1. Cβ-Cβ distance below 8 Å, separation of 6 or more or different chains: which pairs start in the range 20-44 with a residue that is touching a residue at least 24 places away in the same chain (Cβ under 8 Å) and end on one that is of a type in the set (D, E, K, R) and not in a helix (DSSP H, G or I)?
2. For the range 94-114, give me each residue that is within 25 Å of residue 79 (Cα to Cα) and of a type in the set (A, V, I, L, M, F, W, C).
3. Report whether or not residue 120 is closer than 28 Å to residue 15 by Cβ, surrounded by fewer than 16 Cβ atoms within 10 Å (Cβ to Cβ), in contact with a Cys (Cβ under 7 Å, 6 or more places away or on another chain) and not small (Gly, Ala, Ser).
4. For the range 45-69, which positions are without any contact (Cβ under 8 Å) to a residue 24 or more places away in the chain and buried (at least 17 other Cβ atoms within 10 Å of the Cβ)?
5. As an exercise: evaluate residue 78 against (1) assigned to a strand (DSSP E or B); (2) crowded, with 16+ Cβ neighbours inside 10 Å; (3) at pLDDT 95 or above and give the number of the one condition it does not meet.
6. State whether one or more residues within the range 45-55 are touching a Leu at 6+ places or on another chain (Cβ under 6 Å) and part of a strand (DSSP E or B).
7. Condition check: part of a strand (DSSP E or B) and either without any contact (Cβ under 8 Å) to a residue 60 or more places away in the chain or touching a Lys or Arg at 6+ places or on another chain (Cβ under 9 Å) (or both). Does residue 96 satisfy that?
Amino acid sequence: MGVSIDPAKKEMKVLRPFKPVNVSNVNVKQCVWFAMQEYNKNSEDKYIFLVVKIPHAQLQITDRLEYLIDVRIARSNCRKPLNNSELCAVEENSEREKNVHCSFLVGALPWNGEFDVLKKQCFDV
């Protein structure tokens, strides 16, 4: 599959524009997992955030798969760094409760195990 790149614009040609994709799609789940690793790594918060809900996702095809995914996340009771044996739960009804809505644009070559967060927009809810 060839991709034409206009060197003047340095923009990828869109082979298929954004269309809805099932949020239970394995690539969507991998992209969300990757985006959350990045989110928690770069977050100033002392606590790990967990996914509460994935309202919807869309897929665009360029030279890779680009997933635009809306994610509702919330602060958990687990402090950073995460210990893999810990079971984390979302903080509810406490002063630490915090919910955030994020849109992640993740570029993926899942067959190569390559994921890249291209854009992230988050706001408190």
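1. If the second residue must be of a type in the set (D, E, K, R) and not in a helix (DSSP H, G or I), the pairs left are 35/120; 38/120; 39/120; 40/80.
2. 100, 102, 104
3. yes
4. The answer is 51, and nothing else.
5. Evaluating residue 78 over (1) assigned to a strand (DSSP E or B); (2) crowded, with 16+ Cβ neighbours inside 10 Å; (3) at pLDDT 95 or above leaves (3) as the failure.
6. Narrowing the range 45-55 to residues touching a Leu at 6+ places or on another chain (Cβ under 6 Å): 48.
Filter once more, keeping what is part of a strand (DSSP E or B): 48.
So far as the range 45-55 goes, yes, one or more of its residues are touching a Leu at 6+ places or on another chain (Cβ under 6 Å) and part of a strand (DSSP E or B).
7. Working: part of a strand (DSSP E or B): no; either without any contact (Cβ under 8 Å) to a residue 60 or more places away in the chain or touching a Lys or Arg at 6+ places or on another chain (Cβ under 9 Å) (or both): yes.
No; evaluated as a whole, the condition is false for this residue.
The values are calculated or read from the model by the stated rules, or taken from the named source; none is laboratory data. In this text, all values refer to a predicted model and were calculated from it rather than measured experimentally. As a convention, Cβ positions derive from the backbone with ideal geometry for all residues, glycine included, and neighbour counts pool all protein chains shown.
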